[in-house]
Amino acid sequence: MKITIQSPGITVKRKISKAIEDGLSSLEKLYSPTILEAQVCLKEVNDSKGQTNSCEIRLVIAGNDLFASKQAETFDAAVHETIDALKHQVSRLRTNLEKQRMS
């Protein structure tokens, strides 16, 4: 799977890059081989509550793209929450496809 990380205006620490790669590799194992690409965008967001960190991930899947976006106080937390949301989506998609095959 190809992983693209964009982080306009910020420098991504190696720890965050490693967390992204590890989390996405676990997703790939769960739903291999149909995940073609992961597009990750890390941003600092200023809202009414102050500054937070945002992680957006789009999984490019043949026929179906999945997307999740989460905000947290740290990029590490935002990445983990986003990957957890995608794991849930991948699990549901996989279950639905298995039900279709059995029908």
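Taken together, the values in this text are just the output of simple stated rules run on the coordinates, not laboratory data. Everything numeric here is computed off the predicted structure, so don't read it as measured data. Neighbour counts are summed over all protein chains in view; Cβ atoms, including those assigned to glycine, are modelled from backbone coordinates with ideal geometry.
Arranged from fewest to most other beta-carbon atoms within 10 Å of their beta carbon, THR95, THR82, THR11, THR52 become THR11, THR95, THR52, THR82.
State, to one decimal in nm², a quarter of the convex hull surface area for the C-alpha atoms of the range 2-102, i.e. the direction-averaged projected area.
6.7 nm²
Contact order for the chain, expressed relative to its length and based on alpha carbon pairs under 8 Å spaced 6+ residues apart, stands at 24 percent. In this label model, VAL60 and ASN96 are separated by 2.1 nm, measuring between points 7 Å along each Cα→Cβ vector. Annotation: peptides 60-66, 86-92, ranked by per-residue average of other Cβ atoms within 10 Å with the highest first, follow the order 86-92, 60-66. Applying the criteria of a DSSP loop state and at most 14 other Cβ atoms within 10 Å to the GluC sites (Glu not before Pro) of the range 51-86 yields GLU73.
Using helices alone, what [θ] at 222 nm do you get for the chain, with -39,500 (n - 2.57) per DSSP H run of 4 or more residues, divided over all residues and rounded to the nearest 500?
Result for the chain, helices only: -15500 deg cm²/dmol.
All C-alpha pair distances within the range 54-103, sorted into 10 Å bins from zero, spread as 26, 43, 22, 8, 1 percent across the bins. When only Cα pairs below 8 angstrom with a gap of at least 6 residues are kept, the range 38-91 shows a relative contact order of 29 percent.
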